[in-house]
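> Structure below; questions to follow.
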Amino acid sequence: MSQVDDLKAVFATIETADVVNARARIGGTVTSLGVDEGTVVKEGQSIAVIGDPKLGLRMKALAARVQSMTAQRKLAKTALERARKLKQSGTIAQKRLDEAETALDVIERNLMALKAERAVVSQQRDEGIVKAPTAGRVTKVHVTGGTVILPGEPVATIAAKGYILRLNLPERHARFIKA
């Protein structure tokens, strides 16, 4: 007496337990795409780069404004030093010295605000890099190079964690299936 395997052909699909979308954080044009269906990615790996030419223009404009404000600060410092010397000699009133100090303070605050705004635009430009939110395998890429994309749109779908084998078989065979 020997045991005979009863083999049956069944349909099955391999699915993942978790599916995660890598989404665009800024709007713009997909300038490069680093993955394709089936690519294995690590968490934090760059999937795509989204470029917005307006961000580059804003950075240039802010750089010019920072240079202008730096020149104004230099001029205000010179005016303040002159006002201090004239105040010591008794040539001008305290009010003029206070005005020069306030003008320098205002210019320095404006310069700090411009630098902070430049940092915000730089951060926005850095957010154009779409990173894999988790490790896994890319199951679908929703864009191609040169595609215009809006913030929040999915760039790629990533299958994360373990995989499940879903069998599609008649119910009468189910009681005989063993792992």
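> Which whole-number percent is the relative contact order of the stretch 1-118 (Cα, under 8 Å, 6+ apart)?
Across the stretch 1-118, relative contact order equals 21 percent.
> Ok, one more. Roughly what angle does helix 53-88 make with the longest principal axis of the chain, taking Cα atoms, 0 to 90 degrees, to the nearest 10?
The angle comes out at about 30 degrees.
> What order do you get for 47-53, 95-101 when each peptide is scored by the mean count of other beta carbon atoms within 10 Å, highest first?
Listed from highest to lowest mean packing, they are 47-53, 95-101.
> Something else: What is the calculated FRET efficiency for Val10 to Ala119, with r their C-beta to C-beta distance and R₀ = 45 Å, to the nearest 0.05? Mind showing how you got there, number by number?
Numbers: r = 58 Å, r/R0 = 1.29.
Efficiency computed from Cβ-Cβ geometry: 0.20.
> Once the principal axes of the Cα atoms of the stretch 32-97 are found, what is the range along each, listed largest first in whole angstroms?
80, 24, 15
> Below 8 Å, C-alpha to C-alpha, sequence gap of six or more: please give me the relative contact order for the stretch 123-170 in percent. Walk me through the numbers before you get to the answer.
Numbers: 34 pairs, mean separation 19.5, N = 48.
Relative contact order here is 41 percent.
> Also: Per-residue accessible area for Glu43 at 1.4 Å probe radius, Å² rounded to 10?
140 Å²
> What residues qualify as long-range amide H neighbours of Thr147, i.e. H under 5 Å apart, gap of 5 or more or another chain, H built at 1.01 Å from N?
So Thr147 has HN proximity to Val30.
> Subtracting the Cα-Cα distance from 0.36 nm times the residue separation, let me have the gained length for Arg82 to Glu171 in nm, one decimal. Please list the in-between numbers first.
Numbers: separation 89, 0.36 × 89 = 32.04 nm, distance 9.53 nm.
Gain in length upon complete extension: 22.5 nm.
> Could I ask something else about it? Calculate the translational D of the chain in whole µm² s⁻¹ from Stokes-Einstein, where the hydrodynamic radius comes from the Kirkwood formula applied to all Cα pairs, the temperature is 4 °C and the viscosity 1.567 mPa s.
Details: Rh = 22.0 Å.
Answer from the Stokes-Einstein relation: 59 µm²/s.
> Amide H to amide H, which residues 5 or more places from Arg23 or on other chains are under 5 Å from it, using H placed in the peptide plane?
Residues meeting the criterion, in which the H sits 1.01 Å from N, are Val155.
> So how far, in whole Å, is the C-alpha centre of the stretch 1-44 from the one of the stretch 46-118?
Taking the Cα centre of each part, the stretch 1-44 and the stretch 46-118 sit 54 Å apart.
> Let me ask something else about it. On alpha-carbon atoms, Rg over Rh for the stretch 94-177 using Kirkwood Rh? It would help to have the intermediate numbers written out before the result.
Numbers: Rg = 28.6 Å, Rh = 19.3 Å.
When Rh is taken as the Kirkwood radius, the ratio is 1.48.
The values are calculated or read from the model by the stated rules, or taken from the named source; none is laboratory data. Here the structure is a predicted model, which is why all the values come from computation and not from measurement. With ideal geometry, Cβ positions are generated from the backbone for all residues, glycine too; neighbour counts draw on all protein chains shown. The accessibility values were calculated without ligands, DNA or RNA, using every heavy atom of the protein model including side chains. Shrake-Rupley method; radii C 1.70, N 1.55, O 1.52, S 1.80 Å.
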